[in-house]
Amino acid sequence: MFDVEKVRQDFPIFKVTINGKPNTFLDTAASAQKPQCVIDRIIKTYGSEYANVHRGSYLLSEEITSAYENARQIVQKFINAKQKEDIVFTRNATEAINLTAFTWGRKFLTKIDEVIISEAEHHANLVPWQVLRDEIGFELKICRVNDDGSFDWDDFCSKLSGKTKLVAITGMSNVLGTIFPIKDIIASAHRIGAKVLIDACQYAVHQKIDVQDLDCDFLAFSGHKTYGPTGIGVLYAKYDILSAMPPYQYGGDMVNVVTYNSTTFDEPPARFEAGTPAIVQAIGMGEALQYMMNLGIDNIKAYEDDLAEYAFGKLNKIEGLKMLGTHQSRSGIYSFVIEGIHPQDLAFILDKEGLSLRVGHHCAAPLIRRMGYESVLRASLGMYNTKEDIDILCNALQKAKTFF
């Protein structure tokens with residue numbers, strides 16, 4: 001049973017007031033708040049366990065190496081990877097996608113190939129492919145989303161061809177809240193021999209991930225969105241694919257034999273983790289993912305699904321509010337405008353009421369423009385939000401309307 005009031009007690013940020021008002025945090029899609037167990041684990045690691053990993057022949061190094069690699073095993077369990085060697089630690093999901101583009105992509109894509117992404121991609125899953133396209137000369141195809149924010153399946157299928165080498169697609173839009181049919185996308189891409197990368201930054205927060213069941217070739221997500229620290233992310237890839245990819249960066253801890261004339265490189269995942277890694281951040285992320293698993297991913301999802309439906313209904317009753325993405329296959333992200341009020345002005349007013357929302361193009365500027373806007377306000381939910389938070393938001397929006 002999911003007890004949201006008990007969960008909220010685990011997050012010390014909610015004891016902090018904002019402009020003298022209760023802290024109503026609705027920006028989890030940008031970065032989630034941290035439970036006390038994650039904060040404590042980070043403090044403990046820095047305070048009484050810290051050393052460098054992998055090669056120290058002393059107790060502190062051996063113990064923190066074990067904790068660091070245990071975090072990799074927690075990630076393996078969280079996404080049900082076949083083995084921990086399928087897990088590469090990165091700085092964030094952006095780096096994970098860039099790593100894929102500029103190692104696998106640079107090696108295996110040619111000018112006669114095609115890469116498919118969607119209109120709903122975050123800049124991190126758009127810009128790297130544009131840069132690589134300009135370098136190599138392959139065709140970058142953009143499949144549509146419908147006006148209600150749903151994935152345009154027919155358009156996607158029409159763009160698949162024998163030249164398609166990669167499909168890089170979000171699991172859940174950070175603007176629309178839409179959950180894309182990634183298992184069907186993966187199966188269709190595999191039938192024509194293409195690889196699939198899933199940007200799971202939002203998906204991992206709200207949906208259970210099983211990479212073996214999905215059969216995706218790559219998957220990326222960030223620690224800071226899954227209630228962990230900043231500066232740490234994950235690239236999952238099937239081991240045979242990782243083994244065929246060249247290193248992304250060069251230096252210590254990713255080499256095998258080094259001479260003045262030549263160097264050989266270690267096996268994955270070490271090959272992709274050059275230099276001193278984000279040791280404490282990885283351990284903190286492991287703590288956060290374990291916290292989610294202890295609560296039960298299915299329990300979190302069931303609670304959030306109910307909350308998301310409540311929020312969708314309440315927001316849509318506000319006169320003049322226009323929401324981007326109204327398809328039923330969605331989760332707790334709501335991008336909207338209110339007629340006659342600039343989103344930045346609206347965000348300023350909401351802040352005075354203790355509300356934290358995101359404003360702008362949300363690193364998905366082409367999608368915002370495709371939906372007819374330049375800037376929108378976004379409210380996004382986490383496991384710690386309540387129906388009272390939604391009521392506070394809706395009341396504040398009604399109040400804001402009286403100022404214009």
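The values are calculated or read from the model by the stated rules, or taken from the named source; none is laboratory data. Just so we're clear, the structure is a prediction, and the values are computed from it rather than from any experiment. Heads up, the Cβs are rebuilt from the backbone with ideal geometry, glycines too, and the neighbour counts pull from every protein chain shown.
Some notes on this structure:
- Matching residues in region 248-305 - criterion: being acidic (D, E) and either surrounded by fewer than 12 Cβ atoms within 10 Å (Cβ to Cβ) or assigned to a loop (DSSP other than H, G, I, E, B) (or both): D253, D266, E267, E273, D298
Okay, residues lined up against (1) under 30 Å from K322 (Cα atoms); (2) without any contact (Cβ under 8 Å) to a residue 24 or more places away in the chain; (3) among the charged types (D, E, K, R):
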| residue | (1), (2), (3) |
| --- | --- |
| R72 | no, no, yes |
| I97 | no, no, no |
| F102 | no, no, no |
| F108 | no, no, no |
| G137 | no, no, no |
| D154 | yes, yes, yes |
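- Count of region 306-339 residues, restricted to those that are within 23 Å of Y227 (Cβ to Cβ), part of a strand (DSSP E or B) and either without any contact (Cβ under 8 Å) to a residue 60 or more places away in the chain or among the charged types (D, E, K, R) (or both), is 1.
- Qualifying residues in region 51-96 (those that are among the hydroxyl-bearing types (S, T, Y) and not in a helix (DSSP H, G or I)) - the one modelled with the lowest pLDDT: S57
- Among the residues of region 228-247, just one is surrounded by fewer than 15 Cβ atoms within 10 Å (Cβ to Cβ) and among the polar types (S, T, N, Q), namely S243.
- Checking each residue in region 167-223 for being part of a helix (DSSP H, G or I), of a type outside the set (G, A, S), out of contact with any Gly (no Cβ under 9 Å at 6 or more places or on another chain) and more than 25 Å from E85 (Cβ to Cβ) picks out D184, I185, R191.
- I116 being at negative phi, modelled with pLDDT of 95 or more and crowded, with 17+ Cβ neighbours inside 10 Å: yes
- Single match in K317, K301 (criterion: more than 25 Å from F180 (Cα to Cα), out of contact with any strand residue (DSSP E or B) (no Cβ under 6 Å at 6 or more places or on another chain) and not assigned by TED's automatic domain parsing to the domain that holds G149): K317
- Take the conditions (1) in contact (Cβ under 8 Å) with a residue 60 or more places away in the chain; (2) within 19 Å of T170 (Cα to Cα); (3) of a type outside the set (A, V, I, L, M, F, W, C); (4) not in a strand (DSSP E or B); Q398 misses just one of them, which is (2).
- Residue in region 345-355 that is over 30 Å from Q9 (Cα atoms), of a type outside the set (G, A, S) and part of a loop (DSSP other than H, G, I, E, B) present: no
- In region 215-227, the residue that is surrounded by the fewest Cβ atoms within 10 Å (Cβ to Cβ) out of those that are within 20 Å of R106 (Cα to Cα) and among the hydrophobic types (A, V, I, L, M, F, W, C) is F218.
- Subset of region 364-388 [out of contact with any Leu (no Cβ under 9 Å at 6 or more places or on another chain) and buried (at least 20 other Cβ atoms within 10 Å of the Cβ)]: Y384
- Candidate set: region 194-210, residues that are surrounded by 24 or more Cβ atoms within 10 Å (Cβ to Cβ) and β-branched (V, I, T); chosen: the one nearest to A288 (Cα to Cα): V205
- In region 285-325, the residues that are among the small types (G, A, S) and more than 19 Å from E85 (Cα to Cα): A288, G296, A302, A308, A311, G313, G320, G325
- Any hit, region 389-402, residues being under 24 Å from the mean Cα position of the chain (by Cα), of a type in the set (V, I, T), surrounded by fewer than 19 Cβ atoms within 10 Å (Cβ to Cβ) and under 30 Å from F2 (Cβ atoms): no
- Members of region 360-381 found to be assigned to a helix (DSSP H, G or I) and more than 13 Å from V145 (Cα to Cα), listed by number: A365
- Condition met for V7 (outside any loop (DSSP other than H, G, I, E, B), buried (at least 18 other Cβ atoms within 10 Å of the Cβ) and not acidic (D, E)): yes
- Checking I39 against (1) surrounded by 15 or more Cβ atoms within 10 Å (Cβ to Cβ); (2) touching an Asp or Glu at 6+ places or on another chain (Cβ under 6 Å); (3) free of Cβ contacts under 8 Å to residues at least 60 places away in the same chain, the condition it does not meet: (2)
- Residues of region 97-151 satisfying the condition of being in a strand (DSSP E or B) and touching a Pro at 6+ places or on another chain (Cβ under 8 Å): F151
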